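Before any comments, here is the structure.
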Amino acid sequence: VEKEIKGGFEVKIGDSRAFCPYSQMGFKQKEEPAFFIGKTMTFRIQEYKENGRNILVSNRAVEEAKYNEYKETLKQKLKTGMTVKGKVLSLQSYGAFVEIEGFKALLPISEISRSRIEDISTVLSVGQEIEASIIRIDWPNERISLSMKALLADPWSTVTERYKQEQKLTGTISRIADFGLFVNLEPGIDGLLHISEIED
């Protein structure tokens, strides 16, 4: 890529000069024009006219074809219900973006733990390696949803073995409602203390 010219870039291919429009440079990640100047890249010739005096090229076509091939490989590899390892890329208020097999998947905050999480940064950090289950795949919209919670044993499956009527327990108040208090006894298990049962 030699220089930026009106509408795009001048590209030198051997002794020939070609034109690559802005829209045909790069694919998924859009960069400033200066990023491409001086770089050696792969292009596909879209038009060849006037014995090579008028050549139109596209880098996007090459990158798009590579990406579609990679996506087809992922479609065969990744299935709903399978357990995958990934790396946390970024944290948002609604969840974390996790890289699995080079693809960016979403781990919603509600799918991290059986406990209620107010601040995601208290349980996850950027760069952390995690293990999760794929709970949803939407290839047309290129979305994959993950769940760490799905890999945890359901505490409710053995709740009757651990808790009995009249048993005394210590817990932490997790939520206050008009009708009483929710008391957290262990991750994923909240008990209700009805307003009529609260002293005074």
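All of the numbers you see were taken from the coordinates with simple rules; none came from a lab. Predicted model only: the values in this text are computed from it and were never measured. Every residue, glycine as well, gets a Cβ built from its backbone with ideal geometry; the counts of neighbours run over all protein chains shown.
Figures for the structure shown
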{"item": "Net +/- balance of residues flanking E186 in space, Cβ distance below 10 Å, scoring K and R +1, D and E -1", "result": "+1"}
{"item": "Relative contact order (percent, whole number), the chain, Cα cutoff 8 Å, 6+ residue spacing", "result": "12"}
{"item": "For the chain, share of DSSP beta bridges that run antiparallel, in % to the nearest 5", "result": "95"}
{"item": "For K3, net neighbour charge (Lys/Arg +1, Asp/Glu -1) across residues whose Cβ lies under 10 Å away", "result": "-2"}
{"item": "Computed over segment 10-99: relative contact order in percent, which uses C-alpha pairs under 8 Å that are six or more apart", "result": "23"}
{"item": "Partners for K12 among lysines (Cα-Cα distance below 24 Å; same-chain residues under 8 apart left out)", "result": "K3, K28, K30, K39, K49, K66"}
{"item": "Segment 89-165, relative contact order in percent, only Cα pairs under 8 angstrom and at least six apart counted", "result": "27"}
